[in-house]
Amino acid sequence: MTDPIFAPTPTLGACVPNIRRAVVPGDHIFVVSGRTPGVQQYVVGGFRVAEKINALAAFDRFPENRLSLVEGQIRGNVIIDQRGRHDPRDYHADFERRIENYIVGEHPVVLESPAEVQRGREETLGALQQLLNRAGDRVYDIVGRWRRLDERQIQDLIGWLSAIKTVPA
């Protein structure tokens with residue numbers, strides 16, 4: 001996963017421009033893994049939105065997040081070059097829509113170790129069913145699109161993720 005980047009200062013830079021446009025500082029963003037046949041999706045992690053900046057400011061502030069090629073894979077979520085032009089390594093369309101609202105986060109919680117990810121895969125459906133009081137056999141059936149959580153649900157989700165991180169592997 002290259003976007004968001006769950007670093008000590010998490011960022012969301014190029015993906016989901018509709019969500020980046022809609023959130024404001026103080027909101028939380030939670031990320032679900034992509035759909036892959038035969039692999040259970042899980043809540044990867046989340047963070048609180050601290051601020052929104054543009055891609056040129058992100059280029060200067062987060063040089064480690066600039067697009068780069070690492071072991072044959074594109075990494076990074078700053079999709080401009082030093083002149084503010086579209087980095088040719090970014091293959092997405094709608095460049096102009098994707099350079100605004102670079103999200104700078106705070107207080108990340110993310111499932112990282114293989115044991116954390118496995119437990120996340122095993123528990124996500126049940127945790128989301130309970131959290132949202134909704135039945136479903138897939139994460140999408142429970143969460144859908146544009147699901148907003150209230151403050152209690154946000155704290156419960158953070159607590160669940162944090163509990164997974166505190167259990168020894």
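Within the range 97-124, residues that are polar (S, T, N, Q) have Cβ atoms under 8 Å from residues that are crowded, with 20+ Cβ neighbours inside 10 Å in these pairs: 101/20; 124/42; 124/43, counting only partners at least 6 apart in sequence or on another chain.
So that you can scan it fast, the table gives a plain yes or no per residue for (1) in contact with a Lys or Arg (Cβ under 6 Å, 6 or more places away or on another chain); (2) modelled with pLDDT of 95 or more; (3) crowded, with 17+ Cβ neighbours inside 10 Å:
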{"site": "50", "(1), (2), (3)": "no, yes, no"}
{"site": "58", "(1), (2), (3)": "no, yes, yes"}
{"site": "72", "(1), (2), (3)": "no, no, no"}
{"site": "81", "(1), (2), (3)": "no, no, no"}
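Taking the range 149-162 as the range and being exposed (fewer than 12 other Cβ atoms within 10 Å of the Cβ), assigned to a helix (DSSP H, G or I) and either of a type in the set (Lys, Arg) or free of Cβ contacts under 8 Å to residues at least 24 places away in the same chain (or both) as the test, the residues that pass are 151, 152, 159.
Is it the case, given these coordinates, that residue 93 is free of Cβ contacts under 8 Å to residues at least 24 places away in the same chain and aliphatic (A, V, I, L, M)?
yes
Taking residue 26, is it without any contact (Cβ under 8 Å) to a residue 60 or more places away in the chain, under 20 Å from residue 138 (Cα atoms) and surrounded by fewer than 19 Cβ atoms within 10 Å (Cβ to Cβ)? Considered against the rule, which asks whether it is without any contact (Cβ under 8 Å) to a residue 60 or more places away in the chain, under 20 Å from residue 138 (Cα atoms) and surrounded by fewer than 19 Cβ atoms within 10 Å (Cβ to Cβ), residue 26 comes out as no.
Inspection of the range 105-124 identifies at least one residue that is of a type in the set (Ser, Thr, Tyr) and more than 30 Å from residue 58 (Cα to Cα).
Consider residue 101 carefully, then state whether it is buried (at least 18 other Cβ atoms within 10 Å of the Cβ) and more than 20 Å from residue 166 (Cα to Cα). Yes: the conditions hold for residue 101. I want to confirm something. Restricting to the range 91-113 and keeping residues that are within 18 Å of the chain's Cα centre (by Cα) and closer than 22 Å to residue 35 by Cα, which single residue is modelled with the lowest pLDDT? Here the answer is 92. Restricting the search to the range 119-148, which residues are out of contact with any Ser or Thr (no Cβ under 8 Å at 6 or more places or on another chain), hydrophobic (A, V, I, L, M, F, W, C) and buried (at least 16 other Cβ atoms within 10 Å of the Cβ)? Hits for the range 119-148 are 125, 127, 128, 131, 132, 142, 143.
The values are calculated or read from the model by the stated rules, or taken from the named source; none is laboratory data. Since this is a predicted model, take the numbers as computed values, not measurements. Neighbour counts are summed over all protein chains in view; Cβ atoms, including those assigned to glycine, are modelled from backbone coordinates with ideal geometry.
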